[in-house]
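Have a look at the structure below before the remarks.
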Amino acid sequence: MNYDEYIVQLLEKAEEYKAEGAFEKAVEIIQKILMQEPNCIEAYEELGDNYLSLKKFKKAENALLQAIKIASKSSNAHYLLGFLYSNSEEWGKSVKELKEANKYSPNHPEILRCLGWAVYNANRRNQGISILERSRNLSPMDPNILCDLGVCYMNSLNYEESQQMFEKVLKIDPNSAQAHECLSVLKVLKANGSKK
């Protein structure tokens, strides 16, 4: 949508605050925007995203549902809502929203990552892994994709694939706490498996 320069500047300022981790300040600015532009889809998406970071999940859900009411084909609003439902382990709702996001922004690695994770956790393990593999093909050096894929392989008892994923993450980011933690868990699982 086209907004006047003032609204665009406020959106940019809110983005800056979000990037700095000043989520409350970002929320204040977004609320100013919505006073002037009550149908500003980007403001509702930003509001939802900031509330997610603040772990105010009900407020995040309300903002994102409002964004979808204004623009039903907003892939970003569907993605954020799917991510929100994934956090609360509402896998069916998460898959539904992430499929919508994927429909409007196909082959987006981050949307596919979240969709693969949600599908896997909705007990469609092979399909979830295959979606995550698609995500990895699109963004082969993304540590989040590699870690999610590694965890799915680990939970599916495919320890070799799992280990490769975590080791690849450590090549990209040697300080990845997530990859180190996952490798420790994997080591215990492998050790317990060999004792049987």
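Quick one: length gained pulling GLN164 to GLU181 fully straight, 0.36 nm per residue minus the C-alpha distance?
Numbers: separation 17, 0.36 × 17 = 6.12 nm, distance 1.44 nm.
Length gained between GLN164 and GLU181: 4.7 nm.
Highest mean first, how do 58-65, 135-142 rank when packing is the count of other Cβ atoms within 10 Å averaged over residues? Display every interim value, and only then the final one.
On the way: 58-65: 18.5, 135-142: 16.5.
Ranking the peptides 58-65, 135-142 by packing returns 58-65, 135-142.
How much FRET efficiency would the formula 1/(1 + (r/R0)^6) give for VAL188 and MET141, where r is the Cβ-Cβ distance and R0 is 30 Å, rounded to 0.05? Kindly include the intermediate steps, with their values, before the conclusion.
On the way: r = 28 Å, r/R0 = 0.92.
Between VAL188 and MET141 the formula returns 0.60.
Of ASN102, ASN158, SER88, which is farthest along the charge dipole of the range 39-196 in the positive direction, counting Lys and Arg as +1 and Asp and Glu as -1 at C-beta?
ASN158
How would you rank 119-125, 31-37, highest first, on the average number of other Cβ atoms within 10 Å across their residues? Walk me through the intermediate numbers first.
Values: 119-125: 17.4, 31-37: 15.1.
The densest-packed peptide leads the list: 119-125, 31-37.
Semi-axes, largest first, in whole Å: what does sqrt of 5 times each Cα gyration tensor eigenvalue give for the chain? All intermediate terms of the calculation are to be shown ahead of the outcome.
Details: eigenvalues 254, 63, 40 Å².
Largest first, the chain gives 36, 18, 14 Å.
Using a Gaussian network for the chain with springs between C-alpha atoms less than 10 Å apart, which of these wobbles most: GLU161, GLU45, GLU133?
GLU161
Calculate how steeply helix 75-87 sits against the longest principal axis of the alpha-carbon atoms of the chain, using the helix alpha-carbon long axis, and give the answer as 0 to 90 degrees to the nearest 10.
Between the helix axis and the principal axis of the chain, the angle is about 50 degrees.
Against the globular-protein guess of 2.2 N^0.38 Å, express the Cα radius of gyration of the range 1-72 as a ratio, rounded to two decimals. Kindly include the intermediate steps, with their values, before the conclusion.
Numbers: Rg = 11.2 Å, N = 72, 2.2 N^0.38 = 11.2 Å.
Normalised Cα radius of gyration, the range 1-72: 1.00.
May I ask you to compute the full-extension gain from ILE70 to GLN31, defined as 0.36 nm times their residue separation minus their alpha-carbon distance, rounded to one decimal in nm? List each step's numbers first, then the result.
On the way: separation 39, 0.36 × 39 = 14.04 nm, distance 1.65 nm.
Stretched fully, the ILE70-GLN31 segment lengthens by 12.4 nm.
Just order 68-81, 98-111 by mean Cβ neighbour count inside 10 Å, highest at the front, would you?
Values: 68-81: 20.2, 98-111: 18.3.
Highest mean packing first, the order is 68-81, 98-111.
Quick check: net charge around ALA19, other residues with Cβ under 13 Å of its Cβ, Lys/Arg +1 and Asp/Glu -1?
Details: positive: LYS13, LYS18, LYS25; negative: GLU12, GLU15, GLU16, GLU20, GLU46, ASP49.
Residues near ALA19 contribute -3 overall.
Values in this text are rule-based calculations from the coordinates and carry no lab data. Everything numeric in this text was worked out from a predicted model, so none of it was measured. Because the Cβ atoms are built from the backbone with ideal geometry, glycine has one as well, and the counts that use them run over all protein chains shown.
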